[in-house]
Structure formats: structure tokens, C-alpha cells
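The values are calculated or read from the model by the stated rules, or taken from the named source; none is laboratory data. These numbers were taken from a predicted model, which means no experiment stands behind them. So basically every Cβ, Gly included, is an ideal-geometry build from the backbone, and we count neighbours across all protein chains shown. Note: accessible area is taken over every heavy atom of the protein model, side chains too, but ligands, DNA and RNA are not part of it. Shrake-Rupley method; radii C 1.70, N 1.55, O 1.52, S 1.80 Å.
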Amino acid sequence: VTQLGGLDVLVNCAGTTDRAPASQMSDESWSRLIDVHLSGTFRCCRAAFPALCDSDAAAIVNMSSVAAHTGFPLRASYCAAKGGIESLTRSLAVEWACHGIRVNAVAPTWVRTAILENAVASGVLDEETIDAITPLGGVVEPDEIAKIIAFLSSSEARMITGQSLLVDGAFVINPHI
């Protein structure tokens, strides 16, 4: 804020994963995932609030996931955290609208990140399977997500708030999964 003269956009895009059966998941693992994803998003929003109140173009975009809309085995904490992010997004959108702050979420399916690449390399995920269960096929590229975030942050999306935009190639609505 001091260096650039203000803050117009906050994008919350930190994340991690930890596969474990829910019945065996440690409290530490659960807390770490919830803390990074959900609590981290909340803390960043709260910290940015004063500066965003001073902006004429304030927007927050929170990174969610298709995991907020469907269950994944061995990912209870991740699914819960992403569902929490979407609820937080809606709550802040209503609460902060009077301050001119729009709050939305982007919920992609598999994005080509280091985490995905490591999962494919280790055999946890298979890109052919992802293609088969995603009607539009393929993995989402990071630049595709960046463009959606840029749109939601722009004045062109001035009446969009409290929404979660699924970027999933129809994965969530696919009856064959």
C-alpha cells in the first residue's frame, strides 16, 4: 500500500495437499490444511480490508476447487477447506458490498501446477484418467485461471460478487464420474 499507493485487488491462491484417510488423519494434518487454505484466505482478506475500502475498484478473488462441490477420497481436509472458502466468499461479498468490495471465488479442476506434476510423476494421478472423466477433457492451464481472475478483478465484472466460478470442463456435472 505504501509503495504503490493503494490496493485494488487481492488474490488468495496459496495451497497445499495431504492425502490421508479421514479415519487416520492426524489433528496436525487437518489443522495445517485448514490453516493454509481457509484461515489463510480469511486472514489475508481481513488484512487487506482497510486498503480495499479506500479503492474505487476493490475486488477479492479466492481460489477454491471443484473439491468444494464434490467429494474426493483421502482429501477430507482439502474438501472442507475449499467449501469453507466458498462460504467465506459469499459471507464477505454480502458484508463488504457496502464498502464497494466485490468478493468471488474460482473453483478449477486439475490445474497444471507443481503439485499436479508431482502427483502424476508419483502415480497418484493419471492425465488420461483426468481426460476421461472431464467432458471437455484435459487439465486447466495456469494462464486460463489467470485470465478468469483478471476478468473477475476488472470493472467488466462490476456486478459479480459472492460467486464461485467453476472452471472444470463439466467435471462436476458429469454423471460418469
- [ ] Would you mind listing how long the stretch 1-138 runs along its three principal axes, going by Cα atoms, in whole Å with the largest first?
- [x] 48, 36, 29
Task: Part-to-part distance (alpha-carbon centres) for the stretch 154-173 and the stretch 1-59, which is given in Å - done: 19
Task: Summed residue charge, Cβ within 14 Å of residue 117's Cβ, Lys/Arg positive, Asp/Glu negative - done: -2
- [ ] Might you tell me the accessible area per residue for the chain, computed with a 1.4 Å probe and given in Å²?
- [x] 54
- [ ] With a 1.4 Å probe and every protein chain kept in, tell me what percent of the accessible surface of the chain is carbon plus sulfur.
- [x] 57
TODO: Work out the charge dipole of the stretch 1-71 with +1 on the Cβ of Lys and Arg and -1 on the Cβ of Asp and Glu about the Cα centre, then indicate which of 1, 20, 48 is farthest towards its positive end.
DONE: 20
Task: Built amide H within the under 5 Å cut-off of residue 11, gap 5+ - done: 61
Open item on the list: Using helices alone, I'd like the mean residue ellipticity at 222 nm for the chain: each DSSP H run of four-plus residues gives -39500 (n - 2.57), total over residue count, nearest 500.
Closed with: -12000 deg cm²/dmol
Task: All Cα pairs of the stretch 1-82, percent lying beyond 19 Å - done: 46
Task: Mean separation of Cα contacts under 8 Å, 6 or more apart, over the residue count of the stretch 68-114: relative contact order % - done: 29
- [ ] Give, as a single signed number, the net charge of other residues whose beta carbon lies under 10 Å from the beta carbon of residue 78, with Lys and Arg counted +1 and Asp and Glu -1.
- [x] +2
Task: Label-reachable residues, the stretch 13-45, where backbone N falls under 20 Å from a point 7 Å from residue 121's Cα toward its Cβ - done: 15-19
Open item on the list: Among 106, 119, 159, whose Cα projects farthest towards the positive end of the dipole of the stretch 92-173, with charges put on the beta-carbon of Lys, Arg (+1) and Asp, Glu (-1)?
Closed with: 159
Task: Formal net charge of residues neighbouring residue 49 (Cβ-Cβ distance under 14 Å; K, R +1; D, E -1) - done: 0
